[in-house]
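Asks: The following block contains the structure, expressed as C-alpha cells.
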Amino acid sequence: MTKKTLMSLILLLTACTSLATEVYISRDANGNVIFSDKPGKNSEKHAVKELPSIPAYVAPPTAHQPAKVNEPSFNYTSLTIITPTNGQDIPTGFAGNVEVSGVLSPALREADTLYLLDNGEVLRQGRQTAFQLTNLSRGEHALQLVVRDKAGNTITSSNVVTIYVQRASVLNRSGR
C-alpha cells in the first residue's frame, strides 16, 4: 500500500469516527456545564441534533469564453506639465532654452512612449518626463505631453501649456 493511499484511508476513518462521537453533559462543583466525549460521574448522554443547512448554490454552466491573452486593463490616472507654467514668458536672456517637466501616474509602462509636442508637432520622445528644449524660436509655443502605445495610439495626454519665448530681433536694434 502506498503512503498516499494509507494517509487517505486514515483520514477517511478519522472523519467517520468523528461523526459518530457521542457527547456527554455534566456539571462541576460550581455548577458550570461541562461537555465531553467520555462519560463521567453524573454525566448524561446528550443528543446532538443536526443543524439545518442550505445546500450550496450551483451556478448554471455558462458558454465557454476563450481566455483573453491581452494585458489586464490598465489606465494612466494623470499626466500633467508642471514646468513651465501656462502663460509663462521666457525672457531674452534664456536664449529660448526651456526645461519641460511633467508628472505621470502611474509610471510609464515598458511598451509605451512619452512624446513632447509643440503646436501638435513632435519635438522629443522618450521614457522620461523631463525634456530640455534649446534655442526655441521666438513667439508662442503650445506644449503638451502625450503617452502613445507601440501602434502610435494616444493613451493619455497632458494639459496644453502655452509659453511665450522672447528673443532679440535684428529688426529691433534697441533690444526691446
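The values are calculated or read from the model by the stated rules, or taken from the named source; none is laboratory data. If you're wondering where the values come from, they're calculated on a predicted model, not measured in any experiment. A quick note on method: Cβ atoms are made from the backbone with ideal geometry, for glycine too, and the neighbour counts reach across all protein chains shown. To get the accessible areas, we keep the full protein, side chains included, count just its heavy atoms, and leave off ligands, DNA and RNA. Shrake-Rupley method; radii C 1.70, N 1.55, O 1.52, S 1.80 Å.
Asks: In whole Hz, what ³J(HN,Hα) sequence does the range 30-42 give by Karplus (6.51, -1.76, 1.60; θ = phi - 60°), x for Gly and Pro?
Replies: Using θ = phi - 60°, the values come out as 8, x, 6, 6, 10, 9, 8, 9, 10, x, x, 5, 6 Hz.
Asks: Further question on the same structure: Calculate, in nm to one decimal, what residue 37 and residue 85 gain on full extension: separation in residues at 0.36 nm each, minus their alpha carbon distance.
Replies: Here the answer is 9.4 nm.
Asks: Students often check this: by mean Cβ neighbours within 10 Å, which of 23-31, 94-102 ranks highest, and how do the rest follow? Can you show the working numbers first?
Replies: Numbers: 23-31: 10.4, 94-102: 16.4.
Top to bottom by mean Cβ count within 10 Å: 94-102, 23-31.
Asks: Summarise the long-distance tail of P(r) for the range 90-158 by giving the % of C-alpha pairs beyond 15 Å.
Replies: Across the range 90-158, Cα pairs with separations above 15 Å total 52 percent.
Asks: Continuing with the same structure: Label residue 54 and residue 135 with points 7 Å out from Cα along Cα→Cβ: what is the distance between them in nm?
Replies: 7.7
Asks: Also, quick follow-up: Using the per-residue mean of other Cβ atoms lying within 10 Å as a proxy for protection, in what order, highest first, do the peptides 42-54, 136-148 fall? Write out the running numbers ahead of the final one.
Replies: Working: 42-54: 8.2, 136-148: 16.9.
Ranking the peptides 42-54, 136-148 by packing returns 136-148, 42-54.
Asks: In whole percent, how big is the carbon plus sulfur part of the accessible area of the range 76-176, probe 1.4 Å, protein atoms only?
Replies: The nonpolar share, carbon plus sulfur, comes to 47 percent.
Asks: Now a separate question. Among 55-61, 160-166, how do they line up by average Cβ neighbours within 10 Å per residue, starting with the highest?
Replies: Per-residue mean Cβ counts within 10 Å order the peptides as 160-166, 55-61.
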